[in-house]
Structure formats: structure tokens, C-alpha cells
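Step one of this worksheet: look at the structure below.
Since every read-out is calculated from the coordinates, none of them should be taken as a lab result. Since this is a predicted model, take the numbers as computed values, not measurements. Note that we place each Cβ from the backbone using ideal geometry, even for glycine, and neighbour counts take in every protein chain shown.
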Amino acid sequence: MTQRLSFHDQIASNKIKSFFLIASILAILILFGYIIAIVAGPDYFFFVMILAIIGSLLYIWIGYYNSHSIALASVNAKPADPVRYRQFHTIVEGLCLASGLPKPKLYIMEEEHINAFASGRDPKHAVICVTTGCLEKLDKQELEGVLAHELSHIANFDIRFMTLTAVLVGMIAIISEIFLRSLFWNSFSNGRDRDNKVHVFLIIAGILLAILAPLLVTLVQLAISRKREYTADASAVKFVRSPTGLINALKKIKHESALSASQKHHYNKAVAPLFIADPFKRKLDNLLATHPPLEKRIALLQRM
């Protein structure tokens, strides 16, 4: 007999794994900074680093406080009218009462396929956006499962976690670019003896890290995104006390994906990790996947 999973264990396990994933991003950033500190000369690089710090702080501030607005604008989402979309509002209100969460702002995006996402910096400043296809093709129980999944992202602070991860990834990409450009400004001899094998090795290591770091942290970001989907699925079961609605919704998404695998969207691929399912219908069994395979998610939910 197949052992049934506890959603509490699933949530705890995925949170621990996600913590180590985000720690690996920070480790790469610290290692990068250490190499830069040794390799870079004190003349131009000190000035550039001041600009980089100011730019990074602005980047963090804008990304942290406006992440939901950026995401909504990228998909051309509109506020969900409470009269026209009464069931949408009613289900979210019921789930919020049951979970003790404040009601997020609700939005609609014109899209025939089933999908949804949540964004924001905390439960008090959160939004949920669903496609028109989500409202038209899902029954009440299935829609409740999808909305519980999105509320789980809010309750688990996934929305903040993913925002901070995106900021860290962006910072590493910026620092990598600055380091590579600074090599053109700093000569190998900067008024002191640099002709030693250790220093040359560090320069080469720094160049390799500057090239590879953005790719590595992007892979980590995608891994975090996949783990967070499993956690949100488990939390959704906790909210509604049944996996049935979410299972059936994911099955419909899976069927829909098989019928429209080549569909193209007009919005930015950067928002793809936010959705309940990859809107670009890409292959979901590799390191570049934004989401875990639907088959695995459904199988885990069926064991809860």
C-alpha cells in the first residue's frame, strides 16, 4: 500500500530545501565579492563599487516595493470587478476567512488558457491574478483549489522569497558585468607587483565566475521556483482540507498544455515562475524548467 504524505511534512521539507538553495546564491555572491576584492585594483574599482552599491540599493527598493505592479503590468492585468466576477471574490473571501489572511487585491488577465499567479511583498500587500480561461473552464471546487494554491504562496511568504531571490540574481548579474568591464579599466600592473601565479589564477577564476555566476544563480532560482510549487500545493490542501479540486484543475491544465504546446504568449518570460503552471508550455523535466512536471505534482497530491 502506498504511504500517504502529510502536507505538514511536505511543507517543512520543501522550506528546508529552499533555505539551502537561497543560501547557495548568497555563498556565490560572497565568493564573488572575495575574488573581486583581491583581484581588482584600488583606483577605478572603488569608485565603480560605490556606484554599484547605490545602483543595487535602488534596484532592491524598486523591485521589492513594486514587484506586484511590474508583474501585473507585464500581463496587462485589470482589476476584477466584484459584480462581474462575484464567484472569484466570494471564493477568495471564504479562503481568507478560513486561513486568517487579509484579502488580496484581485485581477483578471485576458487569456483563454487556465493559469493564475500571486505577487507582492507580504500578505497585506499581495495580489492574485487569474486568467479568464481559469474562470470559464474550472468548476467551483477546481477554482477553489487553484486560488488556495495562490493564497498559499502568500501565506508562506513565497511572494517575498521569490522577490528577494530575483533581486539577488539581478545583483549578481550586475556585479558580474561590472567586474568584466573593470578588467578593461585595470591593468595587470597597477603600481605594484602583480606578476605572481596566485594573482593570475584569481583573475582567471574571477573571469570564469563572472561568466558562470549569472547562469548558476538562475538555475538555483528556477530550482527554488520548482520547490515552492510543491510547497504551495501542499499548503493548498491544508486550506481546503482536500486535494481533489487542485488535482482536477492540474489535470485540466495538463490536458490543455498537450493540445497547445506551441502556443506563444505576448508577455515577458521573466514572470513565468509566478504562475501555477508554466504558461509557455515548455518541457518540465530539466534544470531550466520553471515548474515541476504536472504529473509529479498530481501524483504527490493524490497521496495526501
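Things worth noting here:
- Matching strands (runs of 3 or more DSSP E) fully within the stretch 94-159 where at least 3 residues are touching a residue at least 24 places away in the same chain (Cβ under 8 Å) and closer than 17 Å to ASP278 by Cα: 116-120, 126-131
- Only listed residue being touching a helix residue (DSSP H, G or I) at 6+ places or on another chain (Cβ under 7 Å) and either among the small types (Gly, Ala, Ser) or surrounded by fewer than 18 Cβ atoms within 10 Å (Cβ to Cβ) (or both), chosen from LYS78, LYS103, LYS124: LYS103
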